[in-house]
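To keep things clear, I will list the structure first and then write my remarks on it.
The values are calculated or read from the model by the stated rules, or taken from the named source; none is laboratory data. A quick note: this is a predicted structure, and the numbers were derived from the prediction, not measured. Cβ coordinates were reconstructed from backbone atoms using ideal geometry, including for glycine residues, and neighbour counts include every protein chain displayed. Only protein heavy atoms, including side chains, enter the accessible area calculation; ligands, DNA and RNA are left aside. Shrake-Rupley method; radii C 1.70, N 1.55, O 1.52, S 1.80 Å.
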Amino acid sequence: MKVTLRLLFILSLSLFLFVRNVSAQILDDSTKNIYGPTTTRYILEEDLYNIKGKPHSLDTSLTNAHLYDYLYGSNPHQNLGLIGTPLNPIYYTPPQTIGRNLGINIFDAYAYDPSGINYYNTKSPFSKLRYVQGSRGQQILEADFARNVNPRWNLGVDFRRVASVKQVGSTVARDPQASGYAAAVYTRYSTKNQRYQLLFNYTHLHQTNNEFGGILNSDSVRIQDLTNYRVLDGQLNSGVTRERRNNFHLYHQYGILKDSVLQIFHIADYQYRDNRYQDLAMAGDSFYFNLKVIPRNSSSMTDRTDFNLFENKIGLKGQIKRFNYKAYFRAKQFTYEQITTDTIKSKYDYKEDFLGGELAYVFKDTSVLSFSGQKYVRGRDYYLKAYYTSKFLSGGFYRINYSPTLVQSNYIGNFFSWNNPNFDNTTTDNLWLDLNLRVGKLLRINPGVRYTGIKNYIYFNESFVPAQENSNIKLYMASMNFFLRLGTFNITERFIYTKYDGAPVLNVPEVYSHTRAYFQTRAFHKAAVLQFGLDAFWRSTYYANGYMPIIEQYYLNNSVPVKNYMLVDLFLDVRVKRANVFVKISNLLQGVGSSTSPFRKTYYTTPGYPGLPRSFDFGIMWMFFD
């Protein structure tokens, strides 16, 4: 780990010193800085892949400046109460790729996505710094730097640090709970006529979580009268989960014919992942005793999973008038290896080949109608997708038939082992329809409906082992997003209602709501933009998934309900020139009312793991262009 961080630091420093020596005029004749957010643009890999012409502008808005804890994205997540801890989506989301995947995803949100890197085109050196600090010890530090070596070549580096301190089972001051480092080094190059373009990046993640196993059962009543949980003990004292991943990613394309009529492209990935759970002092921990499983080694353990992947995707694509087409071949080679405490090993080698394609039509009003599919050549996996999107409406159909994950199929560890060769593929049908309705700048309404049907769903049961449900599962969802502006007063709402029909193997809340009410105005002679208001998060009582650290998986829970709770945050977001600053009181109304009120002292996102008590948070994001 130390060697990797040193290499990343040396590489980043070398890049910085190199590009600082590249000449670039950043001042005009009147010595005023002429560069800023409007002179720096970026593209994504999907822009080249889908032949999109316009680059993206930098996001300087205040929207969600104070939401930093990874829980409130397009799919809300649960965690273990603190930032940096394992995450799990609340709502089922079908995979976007076919074939066998590893199946350990608890730290994905903290890593840089190799296919989602911003590749900049800068007229001057561009830097972005972001820092968040909470009074309960939660912390985020981000630093991004990019600069053009010449008009056709850009280099950049991003760094992120995420950390939190224990709120349960703390033995010393600032006892670390979670700690993670992520980095990305990237470059973009194109020839003078732009017929050849290249994107390349290296990404790294090192994430650890000091597991405490949830609060003791004897503390489940006591905690209801507490607003500080440090006096409580956890069920684990020395268990540690760690993930380390390294990924090299290449995308490049060449225009065989002019005007994007015919292009050849190639995407390559090499990934190495090392996941492990380690406890070198197991004796006396009630967590292991409660498992009712005889371990291979009862004094210490190290369960390790190694995953090596080499993947290539090569094909032809192009644009003929209003038609956009793709045809490609995709190949994967990967190994899956597990090692447990007493050197017992299991290793599997795989090769998978796929054929796929896409045909899309772009209408004059920029509406898009698209059809795509992919098939595993020697297996049953496939997906079919059709969608239509326009200014006022979007909808589609997505069917995917996908293999069990590697972890679901085979596992060997100190406590748990399984081999499931008879698991069938899971099939899901997904239909959706969303509307985008506007009344000037006053009102925006986005109603939507979704249907998901699942056959042969695989999950981790309450005994912490994989199981398959062969009956049909159906999810009916209705959502409503709206924005209302009344002068300086604004209200936004995100509402999701879910009806579940099927065996009790997939639990979701019936109601989820996020309401924001705030004032937006200018201050200090219009030099600053201010947003001052409240966020209110609500979800109905449901059986949220539990978490098993040994196997790094969330599992089905049908015995301990996570009660409804109204989480209210008070925030002030301020933008002054190129800096965004926020201050926030999280969980403002904690302890207001009785133990049965929606503002009681303790709430949970995951059974046994209390959410963060009231805290004061501060953050700043600052962009530099010289």
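Listed values, structure above:
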| item | result |
| --- | --- |
| Ranked by how many other beta carbons lie within 10 Å on average, peptides 440-453, 128-141 from highest | 128-141, 440-453 |
| The chain - accessible surface per residue (Å², probe 1.4 Å) | 46 |
| Counted charge near G356, where neighbours are those whose Cβ lies closer than 9 Å (Asp, Glu -1; Lys, Arg +1) | +3 |
| Using a Förster distance of 25 Å, the FRET efficiency for A527-K441 (Cβ separation, nearest 0.05) | 0.60 |
| Sequence-distant residues sharing a close amide H with E211 (under 5 Å, placed H) | G239, V240, T241 |
| Farthest toward positive dipole pole in the chain [+1 Lys/Arg, -1 Asp/Glu at C-beta], among Y554, I106, Y512 | Y512 |
| Hits among lysines - C-alpha to C-alpha of K123 under 20 Å, sequence gap 8 or more where chains match | K32, K54, K192, K577 |
| Within straight-line cross-link reach of K526, aspartates and glutamates at Cα separation under 13 Å, skipping those fewer than 8 residues along the same chain | none |
| Portion, in percent, of the accessible area of the stretch 40-624 that falls on carbon or sulfur, probe 1.4 Å | 58 |
| The chain shape via C-alpha gyration tensor axes, a/c threshold 1.5 | rounded |
| Net charge dipole size for the chain [Lys, Arg +1 and Asp, Glu -1 on Cβ; Debye, nearest 20] | 1920 |
